[in-house]
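The values are calculated or read from the model by the stated rules, or taken from the named source; none is laboratory data. All values reported here derive from a predicted model rather than from experimental measurement. As a convention, Cβ positions derive from the backbone with ideal geometry for all residues, glycine included, and neighbour counts pool all protein chains shown. When the accessible area is computed, the model is the full protein with side chains, heavy atoms only, and any ligands, DNA or RNA have been set aside. Shrake-Rupley method; radii C 1.70, N 1.55, O 1.52, S 1.80 Å.
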Amino acid sequence: MEVFLIRALQLILCLSLLVLLHEGGHFLFAKLFKVRVNKFSLFFDPWFTPVKFKPKGSETTYCIGWLPLGGYVQIAGMVDETQSASQLSDKIEPWEFRAKPAWQRLLIMTGGVLMNLLTAFVIYAMVLFTWGNEYVPMKNVTHGFYYNGQAQKLGFRNGDIPVSADGQPIERMELMDLYRTLSEAQQVKVLRQGKEVSIAMPEDGSDLLQMVKADPPFIALLIPNLVDSVVAGSPAAKAGIIAGDTIKAFNGVSMDTWNKFGEIRGQMDDVLIAGHAADSARLRNVTVAVAHKGATSIDTLKLSLGKDYVLGIMWNSPLKDYKTEKVVYGFFESFPAGVSYGWHVLSGYVNDLKYLFTTDGAKSVGSFGAIGSLFPKTWQWQRFWEMTAFISLMLAFMNILPIPALDGGHVFFLLVEIITRRKPSDKFMERAETIGMTLILLLMVLAIFNDFRNFVF
């Protein structure tokens, strides 16, 4: 429950900040061009508004809605989700949105996206200025990586360290970037026992989503089979296994990495899911081959597992063994670095969106549950700000898509107007808005369904 609350608070704070800034971008340009804003709302408020106030002498009512799915500014003389064509007067007033030239309306509509981009770049800059950029150089990943069967068919071997792809060096151990690089590469060079080995990748590329979702995954950090700690009172502790021991086999299956144990455990889970009592009882009794710390011989131990089928062994994270490097930025240096880093993140996100139109991609679409799970289980300011910057970039890109009801839909029709010098009618905009809202609601239903399915199953 505590983890849920921490993640929920981070998500609410993040979305509140980004919605205020996004709608503030529209508001800022509207006021700049002397367009009246009737309402500024954090979150949506269908049927009733819990909190609202209107400062003396102001033309804008400020609100806090009860439905945390975004927010809006109600701009006078504009057909959007807050007002239809029939609600607009026949007389066009000079302070209305529709009375302004197309270029001003274009800036008003892109104001939210521009603010989201600016917010992300500034946050990344301040994160780099405050904490710097700490990473693991690929050359320091001495244990290498663990590869699944598909990768091994291509020529990879456990322990290989990717050092270049299509002639471009791979300098940092950033797992998601590594996945993208491998999925797009034609030729990959790996360091194997001190020698470079060249591996040909599929000519038509690899499916990034399938590589990530594979079980076991296409590539993962290799975790040596060293015992880091043992839970007191667990089957492993009762059998005499201690920190520093090395697990050599499990139920007769050779095990030189903890990655291999993950595969064995996955097979056990498949049997347990079937629910046959005899199989469940059989799996409680296991044998483990152990090389005790400082010993040269192998000791075979018999363990009786409890109802949770857990050994009680914690593995040694390989990240502890890898020396990191840190780039420190001065205040003014951090801004171009923040823009560069933000653009890199945005490019990767946009590149990955192509998988949204696949079956597995559609299943991965999520709403608040999926986004909330991205935040850490404990409150970490650096991670919070990094996630806030990422979500700000995500909102910027999604909002600029040319879908009616989104900012990008309005931008698209404004660009058509500028090119053709013909303005769409209010009735046309209303119909387009209805279509766009329907598409967005259907996408939200899919996202919420996926959240529910992933949570329950």
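Things to note:
One line per residue, one yes/no per condition, for (1) surrounded by 15 or more Cβ atoms within 10 Å (Cβ to Cβ); (2) modelled with pLDDT of 80 or more:
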residue: 305; (1), (2): yes, yes
residue: 309; (1), (2): yes, no
residue: 357; (1), (2): no, no
residue: 360; (1), (2): no, no
residue: 366; (1), (2): yes, no
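- Filter result for the condition that a residue is closer than 19 Å to residue 311 by Cβ and of a type outside the set (Gly, Ala, Ser), over 230, 197, 212, 190: 230
- If you go through segment 412-438 and keep only what is under 27 Å from the mean Cα position of the chain (by Cα) and surrounded by 18 or more Cβ atoms within 10 Å (Cβ to Cβ), you end up with just 436.
- Selected residue [open to solvent by 20 Å² or more (accessible area, probe 1.4 Å), in contact with a Phe, Trp or Tyr (Cβ under 8 Å, 6 or more places away or on another chain) and of a type in the set (A, V, I, L, M)] from 12, 75, 64: 64
- Segment 6-17 residues that are closer than 16 Å to residue 64 by Cβ, paired with ones that are assigned to a helix (DSSP H, G or I) (beta carbon under 7 Å, 6 or more apart): 17/388
- Criterion (open to solvent by less than 20 Å² (accessible area, probe 1.4 Å) and touching a residue at least 24 places away in the same chain (Cβ under 8 Å)) met by exactly one of 243, 236: 236
Yes or no, residue by residue, for (1) touching a strand residue (DSSP E or B) at 6+ places or on another chain (Cβ under 6 Å); (2) under 25 Å from residue 392 (Cα atoms); (3) not aromatic (Phe, Trp, Tyr):
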| position | (1), (2), (3) |
| --- | --- |
| 22 | no, yes, yes |
| 34 | no, no, yes |
| 73 | yes, yes, yes |
| 84 | no, no, yes |
| 94 | no, no, yes |
| 97 | yes, no, no |
| 102 | no, no, yes |
| 110 | no, yes, yes |
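- Residues of segment 167-185 that are under 23 Å from residue 143 (Cβ atoms), over 19 Å from the mean Cα position of the chain (by Cα) and open to solvent by 60 Å² or more (accessible area, probe 1.4 Å): 169, 171, 172.
- Test result for residue 251, more than 30 Å from residue 352 (Cβ to Cβ), open to solvent by 60 Å² or more (accessible area, probe 1.4 Å) and touching a residue at least 24 places away in the same chain (Cβ under 8 Å): yes
- Just one of the listed residues (156, 121, 145) is under 23 Å from the mean Cα position of the chain (by Cα), farther than 30 Å from residue 332 by Cβ and either surrounded by fewer than 19 Cβ atoms within 10 Å (Cβ to Cβ) or in contact (Cβ under 8 Å) with a residue 40 or more places away in the chain (or both), namely 145.
- Total residues in segment 80-93, condition modelled with pLDDT of 80 or more and of a type in the set (Val, Ile, Thr): 1
- Listing of helices (runs of 4 or more DSSP H) fully contained in segment 186-287 that carry 1 or more residues being over 28 Å from residue 142 (Cα atoms): 235-239, 258-274, 277-282
- Figure legend. Inter-residue proximity from segment 86-104: first residues within 17 Å of residue 424 (Cβ to Cβ), second residues open to solvent by 60 Å² or more (accessible area, probe 1.4 Å) and not in a loop (DSSP other than H, G, I, E, B), beta-carbon distance below 6 Å, spacing 6+ or different chains. Indicated pairs: 102/418.
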